[in-house]
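Coordinate-derived values only; no laboratory data. Because the structure is predicted, anything quoted here is derived from the model rather than measured. Cβ sites come from the backbone with ideal geometry, for glycine too, and all protein chains shown count toward neighbours.
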């Protein structure tokens, strides 16, 4: 039995929920699910009005996640990043798709070599950019490099209402 929690009705959220439900029901492998959800998100990326003006301000000190919808199979989260705010180097519990609504999310990708990390790529994700990925191979760090507060929509293949976060592991290894 699946329990569904939607925190607030927000513009465009119902379309995302139904789209993800349809994709998840196909029981595709994780990478294919991430790509399919990214394609759906690209076609339905909400605007800034998915958050209230106060939520769009972000929080001092660290980026902030706003769970918009959680259920057993997936979660939809808005992430708000003030200029310069960043994540730790981390990976994820499950597949993920994300779309940038505002700001610039600079992403650095890494490979775990056991006793150290190696940088394997960088990407600047700007408004309208959408992508999807799945473990393994999803080790990254993200920083808002723009002068404006950034907002992005993340869809995770996990119930963050139960897990508390999409992060599986934070990496504190040297980078070579």
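Can you bin region 114-176 into rounded, prolate or oblate? Criterion: square roots of the alpha carbon gyration tensor eigenvalues sorted a ≥ b ≥ c, rounded for a/c under 1.5, prolate for a/b above b/c, oblate for the rest.
Oblate.
Under the definition of Cα pairs under 8 Å and six or more residues apart, what whole-number percent is the relative contact order of the chain?
28 percent
Place the peptides 125-134, 9-18 in order of packing, highest mean first, counting for every residue the other Cβ atoms within 10 Å and averaging per peptide.
Highest mean packing first, the order is 125-134, 9-18.
Rounded to a whole number of µm²/s, how large is the Stokes-Einstein D of region 37-117 at 20 °C and 1.002 mPa s, given Rh as the Kirkwood radius over C-alpha pairs?
This corresponds to a translational diffusion coefficient of 145 µm²/s.
Please report how far the C-alpha centroid of region 18-68 lies from that of region 100-176, rounded to the nearest whole angstrom.
14 Å
Which three extents, in whole angstrom, do the alpha-carbon atoms of region 4-170 cover along their principal axes, largest first?
Taking max minus min along each principal axis of the Cα atoms, region 4-170 gives 44, 38, 28 Å.
Tell me the label-point distance for the pair residue 26, residue 14, using the 7 Å Cα-to-Cβ offset, in nm and rounded to one decimal.
Between residue 26 and residue 14, the label points sit 2.4 nm apart.
Give, in nm to one decimal, the length gained when the segment between residue 48 and residue 129 is fully stretched (0.36 nm per residue of separation minus the Cα-Cα distance).
Value of the extension gain: 27.7 nm.
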